[in-house]
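J.: What follows is a single structure, and I will ask about it in a moment.
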Amino acid sequence: MGGGSSKQTNAAPEELDKAWRKFDWGQKEVLKRHLERFGLSNPDVTSIKILVAGQIGAGKSSFVNSVICAFQGEIVCEALADASESAVSRSFTRRLNTYHIRSEDAELPFEIIDIMGLEPRNISEREPDDIVKAIYGHVKDGYKFSEENSLASGSEHYNETPSLSDQAFCLVYVIDANTFQLCKDDEIIIQKLRNIRQKISDNAIPQVIVMAKVDDACPLVKDDIRKIYTSKKIKERMELCSVNVGVPLSHIFPVKNYHDEIDTDDDVDVLIFKAFDQIVRSANARLRRGASNQ
């Protein structure tokens, strides 16, 4: 009998037969125009704040930069990010910084608050406490996060009576699709995110997950970003996030951040705009109900 037959494999295909989420790759300009004309639900607030948190090295500051790049149409780096190996064990961002979003020469009514990344150390109340205080407007811009203690009332950077404009109305978690596999460090991060979620749930602060580094996590997506919603691996990672963090799958958005590009890309931009559109819609809906800290 002939011995030339090839061995068959039972490995599951990495690409699904059809996209599991409907997505219009041609909606970039529509989304951008909508965001440029966005009207806030409360006339007393001129700019809506969005707080970005997440594990260290996940691309939190890079996501902030990518949003700015998409609106500006060019590669910029306003939020400093660290590409060194040390970024996986220690947060590069040590201070609370607020970034105003502009589109070309127009200032848009959005501000992104970038804070220290969550570190995979023992679970403590310090990090969740500081994040919750930042959401409720108690942390002033420029505050340097401490590794030992959370910000206390009476401190120089503590805002005793935050106004509506000081408060954040959406919390965004940035999670690394390439590393989120429920290892020990991930379990600690998940517990910290759950602690934060519990602390703000009574005030119905919306939460959105941005899953970054999808191109590193899946070869299909690295070769063709338009396969992001036919990638079996990305779908599984998003479902894992939903189950373990508690955020609905409809509020989880995979993106590719800008990191080595010298020009912007329409497909990268449309993913970022779609995620940001959901973020500001969620924040604006919560702003309509008033203060986040009551």
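The values are calculated or read from the model by the stated rules, or taken from the named source; none is laboratory data. The structure displayed is predicted, hence computed values, not measured ones. No Cβ is skipped: glycine too gets one built from the backbone with ideal geometry, and neighbour counts run over all protein chains shown. Side chains included, ligands, DNA and RNA excluded: accessible areas come from the protein's heavy atoms. Shrake-Rupley method; radii C 1.70, N 1.55, O 1.52, S 1.80 Å.
J.: Would you tally the net charge around residue 245, using a Cβ to Cβ cut-off of less than 9 Å, leaving residue 245 out, and scoring K and R as +1, D and E as -1?
T.: +2
J.: Could you tell me the extents of the range 40-80's C-alpha atoms along the three principal axes, largest first, rounded to whole Å?
T.: 36, 27, 13
J.: Another question, if that's okay. Setting aside same-chain residues fewer than 8 positions from residue 235, which lysines have a Cα under 16 Å from its Cα?
T.: 18, 22, 213, 222, 227, 256
J.: How long are the semi-axes of the equivalent ellipsoid of the range 157-245, defined as square roots of 5 times the Cα gyration tensor eigenvalues? Whole Å, largest first.
T.: Ellipsoid semi-axes (Å, largest first): 31, 16, 11.
J.: Can I ask one more? Give the peptides 165-171, 44-50, 26-32 in descending order of average Cβ contacts within 10 Å, highest first. Numbers along the way, then the final one.
T.: Numbers: 165-171: 24.0, 44-50: 17.9, 26-32: 14.7.
The packing order, highest mean first, is 165-171, 44-50, 26-32.
J.: A follow-up question, please. Could you work out what % of the accessible surface of the range 219-294 is carbon and sulfur, using a 1.4 angstrom probe and leaving DNA, RNA and ligands out of the count?
T.: Carbon and sulfur atoms account for 47 percent of the accessible area of the range 219-294.
J.: Indicate the gyration tensor shape class of the range 132-283 (rounded, prolate or oblate), computed on the Cα atoms with a ≥ b ≥ c the square roots of the eigenvalues: a/c under 1.5 is rounded; otherwise a/b larger than b/c is prolate and the rest oblate.
T.: Note, shape of the range 132-283 comes out prolate.
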